[in-house]
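**Student:** Quick one: the structure is below, questions incoming.
The values are calculated or read from the model by the stated rules, or taken from the named source; none is laboratory data. Predicted model, so just to flag it, every value in this text is computed and none were measured. When we count neighbours, we look across all protein chains shown, and the Cβ atoms used for this are built from the backbone with ideal geometry, even at glycine. What goes into the accessible areas is simple: the full protein's heavy atoms, side chains included, and nothing from ligands, DNA or RNA. Shrake-Rupley method; radii C 1.70, N 1.55, O 1.52, S 1.80 Å.
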Amino acid sequence: MIIRAAIRSDLGAILRLLRDLNASASASGATVRMSSAAVRAWTRIENDPDRAVLVAESRGQIIGTLDLLVVANLTHDAQSWALIDNVVVDAATRRRGVGRALMDDAVERAARAGCYKVEFLPHEYDDGASAFCRSVGFHDSAEGFHRYL
Ligand SMILES: CC(C)(COP(=O)(O)OP(=O)(O)OC[C@H]1O[C@@H](n2cnc3c(N)ncnc32)[C@H](O)[C@@H]1OP(=O)(O)O)[C@@H](O)C(=O)NCCC(=O)NCCS
C-alpha cells in the first residue's frame, strides 16, 4: 500500500469512498457524487498549495482517503495549523492500518509545513471511530459548535 497525494483521475474513487460519510452529509442535505460542482471543487483543491487530498492505494485500488488543509495563522509566532477532515477507509479493508497510515502521512506533511497543531474534528462518529482517533494520537480536548449553511 502507498499513501500519495490524489490526482484528478482519483476523483471518482474518492467520491465513492466519501459516500460512507453520508450520515453527516445527509444531515446537512449534501450529497457526494460526481457532479459538475464536485469537479469544480476539485479544480480549486488541486490549485491550492495549502490543500492535499491524500489517498491510500493498494494494487491499483483507492482504499482510503483524507483531506488536509494547512491554515496560515497570526498567533504562535505565525506558525500555521492544520485541519484533517473526510477520513474514510473502504469498509472491506478496515482494521488493517490504512487509516493510521493516512493519518501518519497527513501529520508528517503538517509538521513539514511548519504547523504547530493538527485538528481533527469528526462531526459524527461511533465508538470505533473515536477509538481510532485516540489510537492515532489525537486527544478529545475540544468541544465545538457547528452551524450548517
Ligand atoms: C475510522 C476509520 C477511518 C478507521 O480506519 P482503519 O483503516 O480501519 O483504521 P486502522 O486499521 O488504521 O486502525 C488504527 C487503530 O485505530 C483503532 N480502531 C480503528 N477502528 C476501530 C474500531 N472500529 N473499533 C475500535 N478501535 C478501532 C484501533 O486501535 C486500531 O489499531 P489496531 O487495529 O491495531 O487495534 C474507518 O473505520 C472508517 O472509514 N470509518 C467510517 C468513516 C468514519 O467514521 N470517519 C471518521 C473517522 S473518526
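**Student:** Can you confirm whether the stretch 48-71 contains a residue that is surrounded by fewer than 18 Cβ atoms within 10 Å (Cβ to Cβ) and either within 20 Å of residue 131 (Cα to Cα) or in contact with a Phe, Trp or Tyr (Cβ under 9 Å, 6 or more places away or on another chain) (or both)?
**Tutor:** Yes: the stretch 48-71 contains one or more residues that are surrounded by fewer than 18 Cβ atoms within 10 Å (Cβ to Cβ) and either within 20 Å of residue 131 (Cα to Cα) or in contact with a Phe, Trp or Tyr (Cβ under 9 Å, 6 or more places away or on another chain) (or both).
**Student:** Scanning the stretch 95-114 for residues that are in a loop (DSSP other than H, G, I, E, B) and open to solvent by 80 Å² or more (accessible area, probe 1.4 Å), which turns out farthest from residue 56 (Cα to Cα)? Spell out how you get there, then give the answer.
**Tutor:** As a first pass, look at the stretch 95-114 and keep what is in a loop (DSSP other than H, G, I, E, B): 95-97, 113-114.
Still in the list and also open to solvent by 80 Å² or more (accessible area, probe 1.4 Å): 95-96.
Working: 95: 14, 96: 12 Å.
Across the stretch 95-114, the extreme among qualifying residues is 95.
**Student:** Considering only the stretch 115-149, state which residues are exposed (fewer than 13 other Cβ atoms within 10 Å of the Cβ) and either in contact (Cβ under 8 Å) with a residue 60 or more places away in the chain or in a strand (DSSP E or B) (or both).
**Tutor:** Within the stretch 115-149, 124, 148 meet the criteria.
**Student:** Still on this model: Restricting to the stretch 6-20, and then to whatever is open to solvent by 50 Å² or more (accessible area, probe 1.4 Å) and not in a loop (DSSP other than H, G, I, E, B), can you tell me which residue is modelled with the lowest pLDDT? Explain how you work it out, then say what you get.
**Tutor:** Taking the stretch 6-20 as the starting set, the residues that turn out to be open to solvent by 50 Å² or more (accessible area, probe 1.4 Å) are 7-9, 16, 19-20.
Cutting the leftovers down to not in a loop (DSSP other than H, G, I, E, B) gives us 8-9, 16, 19-20.
On the way: 8: 96, 9: 96, 16: 94, 19: 90, 20: 82.
Among residues in the stretch 6-20 that are open to solvent by 50 Å² or more (accessible area, probe 1.4 Å) and not in a loop (DSSP other than H, G, I, E, B), the one modelled with the lowest pLDDT is 20.
**Student:** Away from the ligand (no atom under 16 Å from the Cβ) and open to solvent by 50 Å² or more (accessible area, probe 1.4 Å): does that describe residue 41? Break it down into steps so the answer makes sense when it comes.
**Tutor:** Numbers: away from the ligand (no atom under 16 Å from the Cβ): yes; open to solvent by 50 Å² or more (accessible area, probe 1.4 Å): no.
No, not satisfied.
**Student:** Just the residues that are β-branched (Val, Ile, Thr) and farther than 18 Å from residue 107 by Cα, please, taken from the stretch 45-59. First the steps, then the outcome.
**Tutor:** Taking the stretch 45-59 and keeping what is β-branched (Val, Ile, Thr), we get 45, 53, 55.
The one that is β-branched (Val, Ile, Thr) and farther than 18 Å from residue 107 by Cα: 45.
**Student:** Look at the stretch 72-88 and say how many of its residues are free of Cβ contacts under 8 Å to residues at least 40 places away in the same chain, open to solvent by less than 20 Å² (accessible area, probe 1.4 Å) and within 12 Å of the ligand (Cβ to nearest atom).
**Tutor:** Selection size over the stretch 72-88: 1.
**Student:** Test residue 64 against the stated conditions and say whether it is in contact with a Ser or Thr (Cβ under 9 Å, 6 or more places away or on another chain) and within 11 Å of the ligand (Cβ to nearest atom).
**Tutor:** Values: in contact with a Ser or Thr (Cβ under 9 Å, 6 or more places away or on another chain): yes; within 11 Å of the ligand (Cβ to nearest atom): yes.
The answer is yes for residue 64.
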